[in-house]
Amino acid sequence: MSDPRITSSIFTRGAVDLSALRTPAPAPAPASAPVQSGPPAGAPGGAPASAVTVVDVTEATFQAEVLERSLSTPVVVDFWAEWCEPCKQLSPVLERLAVEGGGAWVLAKVDVDANPRLAQMFRVQGIPMVYAVVGGQPVDAFSGVVPEAQLRQWIQAILKAGGVTMAEPTDPRLDEADDALMSGDLDAAERAYRKILAETPSDVAAEAGLAQVGLARRVAGADPQAALAAAAAAPDDVDAQLLAADIEVLSGMAEQAYQRLVGLVRRTAADEREKVRQHLVGLFTIAGPDDPAVASARRALASALF
């Protein structure tokens, strides 16, 4: 890609909602043991040896390590997984640049397998996915592996951005619906999203939220590893494949889920094929119509159908 930046449209309300990770009157972020530290005093960058540059982050530590830290220092969040080969190309470069920066910015690493809810909140459709968080808000992002020269330019742009964010004004109706969804009150979330859609039928964020409610209900109580293993053992079991696709979307592997269901469309017919198609279209709604992975999967689906 020639420019790793993406447009601000990804940061509209309902796309990246971090309200569930914030608590009232946050305390100062506690220091945690970094994966790496800045260069020793006197080394390039001039940062003290204790400067935090790279941290592993979980949902429990996200507020302190990312949201609160970003109020004073830009934080770059790297969504990765152990099995992801492109991640193994990008992550070491990010880590090296973070150490080189000597504390000017912090790299926060999020394992999507261990933290699927964070991946869902950020609408991670594929990994590696990298977000910049400044002033408590995501301000820019890119996906995939980019050349180091472009990565350096992107980081410099983030550093220059300071406290400027791209977040748009919030909609109180969506606040209520999103908060209910993130707190696990799916019935309240569904009522709130449906109310919005009754008033504004074309509200994309509400459509995505309602689709997320359905996804959350379908995967409730499921064992992700067991479900994926069951799908692998029974490639023509429609229900097993649908559940596996849901889990993949929730884990930030939407493209893999789309491929799974497009393949299933090719292998089914009549009512079963229509069931799979409708399920796949519902997953598209979560990501939104402007997502490149959705556009590609829609073309593949059309080819499979016709």
*the range 136-160, residues that are at pLDDT below 85 and closer than 12 Å to Trp105 by Cα*: Lys160
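Going through the range 268-290 one residue at a time, which ones are more than 22 Å from Ala208 (Cβ to Cβ) and either at pLDDT below 90 or touching a helix residue (DSSP H, G or I) at 6+ places or on another chain (Cβ under 9 Å) (or both)? Don't jump to the end; show me each part of the working.
The initial filter retains those residues of the range 268-290 that are more than 22 Å from Ala208 (Cβ to Cβ), namely 268-274.
Matches in the range 268-290: Thr268, Ala269, Glu272, Arg273.
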*Within the range 189-203, is there a residue that is touching a Lys or Arg at 6+ places or on another chain (Cβ under 6 Å) and among the small types (Gly, Ala, Ser)?*
no
*When the residues of the range 194-214 are filtered to those that are of a type in the set (A, V, I, L, M, F, W, C) and surrounded by fewer than 19 Cβ atoms within 10 Å (Cβ to Cβ), which remaining residue is nearest to Gln120 (Cα to Cα)?*
Val204
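Could you say which residue among Asp187, Asp236 is surrounded by fewer than 18 Cβ atoms within 10 Å (Cβ to Cβ) and either within 19 Å of the chain's Cα centre (by Cα) or without any contact (Cβ under 8 Å) to a residue 12 or more places away in the chain (or both)? Give the steps one after another, and end with the answer.
Numbers: Asp236 fails: either within 19 Å of the chain's Cα centre (by Cα) or without any contact (Cβ under 8 Å) to a residue 12 or more places away in the chain (or both).
Answer to the selection: Asp187.
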*Count of the range 119-135 residues which are of a type in the set (S, T, N, Q) and either assigned by TED's automatic domain parsing to the domain that holds Glu248 or surrounded by 22 or more Cβ atoms within 10 Å (Cβ to Cβ) (or both)*: 1
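Among the residues of the range 263-290, count how many are of a type in the set (Ser, Thr, Tyr) and either outside any helix (DSSP H, G or I) or not assigned by TED's automatic domain parsing to the domain that holds Met253 (or both).
Residues that pass the stated criteria total 1.
Answer yes or no as to whether Leu151 is in a helix (DSSP H, G or I), buried (at least 16 other Cβ atoms within 10 Å of the Cβ), in contact (Cβ under 8 Å) with a residue 60 or more places away in the chain and not assigned by TED's automatic domain parsing to the domain that holds Ala297. Steps first, please.
Values: in a helix (DSSP H, G or I): yes; buried (at least 16 other Cβ atoms within 10 Å of the Cβ): yes; in contact (Cβ under 8 Å) with a residue 60 or more places away in the chain: yes; not assigned by TED's automatic domain parsing to the domain that holds Ala297: yes.
So Leu151 passes the test.
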*Quick check: is even one residue across the range 229-249 modelled with pLDDT under 90 and in the same structural domain as Gly282 (by TED's automatic domain parsing)?*
yes
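Being more than 26 Å from Glu176 (Cβ to Cβ), in a helix (DSSP H, G or I) and at pLDDT below 90: is that true of Ala293 here?
Numbers: more than 26 Å from Glu176 (Cβ to Cβ): yes; in a helix (DSSP H, G or I): yes; at pLDDT below 90: yes.
When the stated conditions are applied, Ala293 passes them.
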_Looking only at the range 64-81, how many residues end up being among the charged types (D, E, K, R) and touching a helix residue (DSSP H, G or I) at 6+ places or on another chain (Cβ under 9 Å)?_
1
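This table checks each residue for (1) in contact with a strand residue (DSSP E or B) (Cβ under 6 Å, 6 or more places away or on another chain); (2) of a type in the set (Phe, Trp, Tyr); (3) within 22 Å of Leu250 (Cβ to Cβ).
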| position | (1), (2), (3) |
| --- | --- |
| Asp111 | no, no, yes |
| Ala114 | no, no, yes |
| Val124 | yes, no, yes |
| Pro128 | yes, no, yes |
| Tyr131 | yes, yes, yes |
| Gly135 | no, no, no |
| Ala141 | yes, no, yes |
| Val145 | no, no, no |
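The values are calculated or read from the model by the stated rules, or taken from the named source; none is laboratory data. Values in this document were obtained by computation on a predicted structure and should not be read as measured data. Ideal geometry is used to build each Cβ from the backbone, glycine not excepted, and the neighbour counts take in all protein chains shown.
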